Amino acid sequence: MWYVFVDMHIVENKSKSGKKIYRSILLRESYREEGKVKKRTIANLSNCTPQEIKAIKLALSHKDDLCALGTLSEVGLQEGLSVGASWSVYQVAKGLGIEEALGKDFEGKLALWQIMARVIDQGSKLSALRLAQVHAAGDVLDMKRGFDENDLYENLAWLSENQAKIERKLFEVRRGDKKPKLFLYDVTSSYLEGERNHFGEYGYNRDGEKRKKQIVIGVLCDEYGEPVSTEVFAGNTQDPKTFESQIRKVLGRFGCIEVTFVGDWGMIKTMQIEYLPERFRSITAITKPQIEALIKKGLLQLELFEEKLCEIKDKGVRYILRRNPVRAVEVANTRISKLQSMERYIGKKNGYLREHPRASVAKALDAAKEKLRKLKLETWVQIRDEAGTLRIERDGVALQEESHLDGCYVIKTDLKESEADKYMVHDRYKDLSEVEKVFRTCKAVNLEVRPVYVRREESTRGHVFAVMLAYMVIRRLRDAWTGFDLTVEEGLKQLTTICSMEVKVKGQKAQCQKIPRPRQQSQELLEALQITMPEVLPSRNLRVVTKKKFPVRRKSL
């Protein structure tokens, strides 16, 4: 017995029973068997919609040349939105538990877009809005309605209001019942544009913007350097003052009862250590004056500072000593470089005084002393006026006293030796560099938390919180792409080139976005993230617009 296919087609049947008419739509196949044409039913399509039936008919009529579908007037192909970067960032955020922590209602999805937009291309809320007009934000996040910049600003307030709940949920998703026994904590500052921010004050500015107000940002990380919480303080808040609220967070928000806090020498001081709960411990460093005081007291000796770790115990407190030879050379070279800069400055001043006999030597001397003070050389360098010429004098004894602790540092802890030996204590203190990575990435490298343009308390808190969550995504991308010769920004730009193709059928309201197969380089980036692009996405055509009165609205935010 043998047969060959002849044709596949759709048959619409009608039958009448009394006054009732029955309709059936069948997908049938004609074939030739032993010289005779026969037919059989392949599928019953009676439950399909008219649009689906029409689509099947269209495909059957061009089954021998499916490429012709692309040239038919009934089928339109149009370049769609960029989907590669937005889909990848969304999947990473989902894998980190950020989507679950934010929730899947409109506010949660909008907050997730703010985070995704900052990862893809840093900028203002207006730029995040415009980014949604280029990237398939609504389609990837399955949003039900559009939004404008007012929604984004109001969403910052929502983030601020729900920050504690979101941080706790994210902590539970990532950690489960396994509570960390060590937290890293540090602070930084970020300058402001304008004068009216709720937290804006003049303080110690780490950005070098001395004429601008700032805010202080504290970041609490777990033992792996992963942020678990962030907090905004007034710009003139001293570091130790920010520490108390972190203790309350760890106890209340995260439910930890046995914890070691690691903070820098300016963060965890004697007063803060005394008020730690019973089962809380600390690892910190002491200042240079404190080291010198302990040396004068006889508890420490200079001879103990070597490249190898040395430990001294005193009344339940352990001191871990070390001299870093590399750092010692760096400090010495910096000191020499500053001196050379000062010598060049004095040379220029003397040249000006020679060329201008009526110039004031006293004013030149005052300016030189101010320069000396800024370079912090006044302890071993002096500037004198000798017959109208400025001279630099160096004090060798003072220099020796100034440099005898170059590269030396002392780590202080109340951890028992049975809980952590000196090497573990030293390594945990060095883990603070992970918090520095957070600051570098958030402030300059990828996320650009500064300058801060918003003004309200809730907008500022929401902005900083969104940046912290975006950093978690950046960190995951960076780790996954370590083996590639590109930055996270370059990798995202590569994925941005993956654009959808909108497919429209004439007379049909429904349309979809067909996702093309990624090129090799993009595919490798996706595989490193263990992400697969979908074949199609719904096309929701959400309305993402800018309000005409945006500049007026922005002044109050």
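General remarks:
- In Hz, Karplus ³J(HN,Hα) per residue of the stretch 214-219 (6.51, -1.76, 1.60; θ = phi - 60°; x = Gly, Pro): 8, 10, 10, 10, x, 10
- Each principal axis of the Cα cloud of the stretch 325-474 was taken in turn, and the coordinate range along them, longest first, works out to 63, 47, 23 Å.
- The string of couplings for the stretch 135-145 from the Karplus curve (6.51, -1.76, 1.60, θ = phi - 60°) is 9, 7, 4, x, 6, 5, 8, 6, 6, 9, 8 Hz, one whole number per residue in order, with x for Gly and Pro.
- With every protein chain in place, the chain: carbon and sulfur % of accessible area (1.4 Å): 49 percent
- Estimated translational D of the chain in µm²/s (Stokes, Kirkwood radius over Cα pairs; 37 °C; 0.692 mPa s): 112 µm²/s
- Residues whose placed amide H lies under 5 Å from that of residue 43, excluding near-sequence neighbours: 27
- Note on residue 169: aspartates and glutamates with a C-alpha under 13 Å away, same-chain residues under 8 apart excluded, are 99, 100, 177.
- The amide H of residue 201, built 1.01 Å from its N in the peptide plane, has 214, 235, 236 as neighbours under 5 Å, considering only residues 5 or more places off or on other chains.
- Net charge in the neighbourhood of residue 172 (other residues with Cβ under 15 Å of its Cβ; Lys, Arg +1, Asp, Glu -1) is +3.
- Extension gain for residue 8 to residue 177 (0.36 nm times residue separation, less C-alpha to C-alpha distance): 54.9 nm.
- Once the 1.4 Å probe is applied to the protein heavy atoms, the chain comes out at 55 Å² accessible per residue.
- Nearest-ten-degree value, helix 163-175 long axis tilted from longest Cα axis of the chain: 80 degrees
- For the chain, the longest principal axis of the Cα atoms and the long axis of helix 149-161 meet at an angle of about 60 degrees.
- Largest-first ordering by accessible area, 1.4 Å probe, given options 249, 39, 371: 39, 371, 249
- For residue 135, net neighbour charge (Lys/Arg +1, Asp/Glu -1) across residues whose Cβ lies under 13 Å away: +1
- Here residue 371 is the anchor, and the lysines within straight C-alpha reach of less than 16 Å, apart from those fewer than 8 places off in the same chain, are 338, 348, 349, 363.
- Sum of side-chain charges, residue 221 neighbourhood, beta-carbon under 14 Å (Lys, Arg +1; Asp, Glu -1): -1
- Amide H to amide H, with H built 1.01 Å from N, residue 222 comes under 5 Å of 184, 228, counting only residues 5 or more places away or on other chains.
- Counting only Cβ charges, +1 for Lys and Arg and -1 for Asp and Glu, the dipole size of the chain around its Cα centre is about 2100 debye.
- Taking the average, over residues, of other Cβ atoms within 10 Å as the packing measure, peptides 109-117, 267-275 rank 109-117, 267-275 from highest down.
- Estimated [θ] at 222 nm from DSSP helical runs (n ≥ 4, -39500 (n - 2.57)) normalised by residues in the chain, nearest 500: -12000 deg cm²/dmol
- Put 248, 211, 145, 196 in order of accessible area, highest first, and with a 1.4 Å probe you get 211, 196, 248, 145.
- Ligands, DNA and RNA aside, residue 265 has an accessible area near 130 Å² when probed at 1.4 Å.
- Euclidean distance of C-alpha centroids, the stretch 103-167 and the stretch 341-365, integer Å: 58 Å
- Relative contact order for the chain, counting Cα pairs under 8 Å that sit 6 or more residues apart, in percent: 20 percent
- Residue-level accessible surface for residue 92, protein heavy atoms, 1.4 Å, Å²: 10 Å²
- Across the stretch 399-411, computed HN-Hα scalar couplings (Karplus, 6.51 cos²θ - 1.76 cosθ + 1.60, θ = phi - 60°) run 5, 4, 5, 5, 9, 5, 10, 4, x, 8, 8, 10, 9 Hz from first to last residue, x flagging Gly and Pro.
- Helix 106-120 axis, angle to the chain major axis (alpha carbon atoms, nearest 10°): 60 degrees
- Divided by 2.2 N^0.38 Å, where N counts the residues, the Cα radius of gyration of the stretch 244-347 comes to 1.47.
The values are calculated or read from the model by the stated rules, or taken from the named source; none is laboratory data. Keep in mind that this is a model prediction, so the values were computed, not measured. Ideal geometry is used to build each Cβ from the backbone, glycine not excepted, and the neighbour counts take in all protein chains shown. For the accessible areas, the whole protein counts, side chains as well, though only heavy atoms, and no ligand, DNA or RNA atoms are used. Shrake-Rupley method; radii C 1.70, N 1.55, O 1.52, S 1.80 Å.
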